[in-house]
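Notes follow once the structure below has been shown.
Just so it is clear, none of the values below were taken in a lab; they were calculated from the coordinates. A quick note: this is a predicted structure, and the numbers were derived from the prediction, not measured. For neighbour counting, all protein chains shown are included, and Cβ atoms are generated from backbone atoms with ideal geometry for every residue, glycine included.
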Amino acid sequence: MTIELGHIVGDVANTVLAIAALVMVYLTVRSHRQTSESLEIERSRERERQVDLKRAKLIASMERVVLTTYNVGKLVYFVRIQNYGVAEARDVTVSIRARRFRDDTSIVDIAEQARLPVSILGPGAHWEYNGSGFTLFEVDIAWTDCSGKPGKHQTQLIHP
């Protein structure tokens, strides 16, 4: 029985080529899977971006304003509701509860006094309520917009 060196080298070469082909197939499948996942992530981001273009974003904040009358300045605090989104907010409801002092346990519901004059707040628009006489505010805002998802913002505002 004679073993030819050429057959051994050929068998080794075929085995190496088969292993290399298997590695290439594995790498191709893995690359395709990663590309598919990346594409799905990008599609998801684009869908979210499209929804964001239809969203209103209402935020409550405390604004400090100096009102000047006859060269005398008076510091006044306003609760400001502003639409930072790119879409119009509709069916806006605002509930404001206030306390005169931080450690005061009595809460005054000032929703009637702080009623929004309109139920629509466009992009960049704002509405203010004069909060003088109170130091702590609990604000709840609810609205709808073109995204189809109801919006909601709750916060607590304190001024010095």
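Worth pointing out:
- Unit charges at the beta carbon, dipole of segment 1-52: most positive-side option, VAL9, SER36, MET24: SER36
- Sites SER147 and GLN34 - FRET efficiency at Förster radius 22 Å, r taken between beta-carbons, to 0.05: 0.10
- Label-zone membership for segment 69-99, site GLN154, 7 angstrom Cα→C-beta point, backbone N under 20 Å: 80-82, 92-99
- For segment 13-77, the Kirkwood estimate of hydrodynamic radius, built from reciprocal distances between every pair of different alpha carbons, is 18.2 Å.
- With R₀ set to 41 Å, the beta-carbon distance separating ARG64 from ARG43 gives a calculated FRET efficiency near 0.35.
- FRET efficiency for the pair ARG55 and GLU138, taken as 1/(1 + (r/R0)^6) with r the Cβ-Cβ distance and R0 = 25 Å, rounds to 0.55.
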